[in-house]
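Every read-out reported here was derived from the displayed coordinates using simple, explicitly stated rules and does not represent laboratory data. Not measured: the values here are computed from a predicted model. Cβ sites come from the backbone with ideal geometry, for glycine too, and all protein chains shown count toward neighbours.
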Amino acid sequence: MRLVTQLDTLSAIYHRRAGVTHLIVEPVPEILAALTKAPATIAQLIAILVADYGLEQNAESVAALQARLDELEAIGLVWRL
Amino acid sequence: MRVGPVGFRIGSDWCAPIAGLERLYRDYPKPVDDIPHFTVRLEAAQWWRRFIRPSVRIAGDHTLPEALPLPLAQGVLAAEMAMNLQMALGQRHYLLIHAASVERDGRVLILTGESGSGKSTLAALLGEHGWRLLGDEFALIDPQTGEAHPFPRPISLKNASIDVMAALAPPQRFGERINGTPKGDIRHLIPNTAALDGMDTPAPPALILFPRFGHAADVREVMPSEVFIRLTQASTNYVALAERGYTALTRLVTQTAARAIDYPDTASGLKLVQDLWAELA
């Protein structure tokens, strides 16, 4: 469905369905990698990011994660089940 | 005529542009099996414009509806622009990057930048200093192999660079001087024998430079993400190639060193390029 290439602090992502290229910065590649393995709720996703990538668990990170998910949903890279 | 892997057929309402093109392309081969990839036609803007204040409208497989006609005296330039247009709008086999490219020791240097950055002049100079010119307008990246294919059209020299190159190449390698174009005075330089004989020999890219003419000499590192963005902007068909374009471009960016260079004059630019090539390529 997509190709991801790490360039430096930014990664390029090619969205096959849309034919569009995005440049993304952390934690977006980490979010997509986590959701590629299995669907997750926000709470599950935070748990994965805390365990695998050292995300700090607080209200600010939850809000930031929700904002990133909303953006990714808007461009069709994640979707609700 | 054929330029590297691409064959062109040119038609014209007048003889003069064809005579000018026959001079520029006298040593180029014919398209494979005589079948061109693109057709260009130079047409009178209206029928009476064949005779009265003749002006050339670009037609062919791919056109821009807003393109303004050029005076007949600039007919060769119109043909060259039309050939660029066919490539920019119609080329689907290679990833096209608006760049000059030259080869040395089996590897390619790509010079990309906006018009006026000096990439054509640098490529022309390098072509007369032991490098093989691949082209001054488009670098053709093969999505399958990652190699740069030659597209050695006559080099479009502008203004001061005309005299710079006139001191280095014999008169028979130059086309007629075209004065008063939108980019100033233009004179085409026919690539040398090494470039024409090697037009079917691709090579892998080894260094990407973003030159800028008219500034104090400077070299800056360019992060891969910036190279990626600048090359998507410099490509005319990145979007059209879809996933093949993405794969070709990410491979090029992640496997090739890149620098931005500023240079105040052509001599220092030439030295800067040669020093960076020795260090990085």
Subject >> Within region B:166-272, trypsin sites (Lys or Arg not before Pro) in DSSP loop having at most 15 other beta-carbon neighbours inside 10 Å >> reply: B:R177, B:K183
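Can you tell me the relative contact order of region B:129-266? Whole percent, Cα pairs under 8 Å, sequence separation 6 or more. Mind showing how you got there, number by number?
On the way: 202 pairs, mean separation 37.7, N = 138.
Computed over region B:129-266, the figure is 27 percent.
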**OP:** Restrict the search to region B:1-102; then list the trypsin sites (Lys or Arg not before Pro) that DSSP places in a loop and that have at most 14 other Cβ atoms within 10 Å of their Cβ.
**Re:** B:R26, B:R92
Original post:
lysines within cross-link reach of B:K119: Cα-Cα under 27 Å, excluding same-chain residues under 8 positions apart?
Top reply: B:K158, B:K183, B:K271
**OP:** Using all C-alpha to C-alpha distances in the protein assembly as shown, build P(r) with 10 Å bins and read off the rounded percent in each one.
**Re:** 5, 22, 27, 21, 13, 8, 4, 1
**OP:** Report the label-to-label distance for A:D70 and B:L270 in nanometres (one decimal), using points 7 Å from each Cα along the Cα→Cβ vector.
**Re:** 5.9 nm
Original post:
Using unit Cβ charges (K, R positive; D, E negative) and no other charged atoms, how large, in debye to the nearest 20, is the dipole of region B:127-249 about its Cα centre?
Top reply: 320 debye
**OP:** Kindly give the semi-axes, whole Å and largest first, of the ellipsoid equivalent to chain B, taking each as the square root of 5 times a Cα gyration tensor eigenvalue.
**Re:** 30, 22, 17
Original post:
Roughly how tilted is helix B:75-90, in degrees to the nearest 10 and between 0 and 90, from the longest Cα axis of chain B?
Top reply: 60 degrees
**OP:** Select from region B:34-81 those GluC sites (Glu not before Pro) which occupy a DSSP coil region and have at most 11 other Cβ atoms within 10 Å, ordered by residue number.
**Re:** B:E66
Subject >> Rg to Rh, two decimals, where region B:1-90 supplies the alpha carbon set and Rh follows Kirkwood >> reply: 0.97
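Could you check how many percent of all C-alpha pairs in region B:178-219 are farther apart than 17 Å?
On the way: 580 of 861 pairs.
So the portion of pairs separated by more than 17 Å is 67 percent.
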Original post:
When the convex hull of the Cα atoms of region B:184-251 is projected onto a plane and the area is averaged over all directions, what value comes out in nm²?
Top reply: 7.7 nm²
Original post:
Could you give the semi-axes, largest first, of the ellipsoid that matches region A:15-69, computed as the square roots of 5 times the alpha carbon gyration tensor eigenvalues and rounded to whole Å?
Top reply: 21, 13, 10
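Tell me, which longest segment in chain B has none of the chymotrypsin sites (Phe, Trp or Tyr not before Pro) that fall in DSSP loops with at most 16 further Cβ atoms within 10 Å?
Here the longest run is B:52-281.
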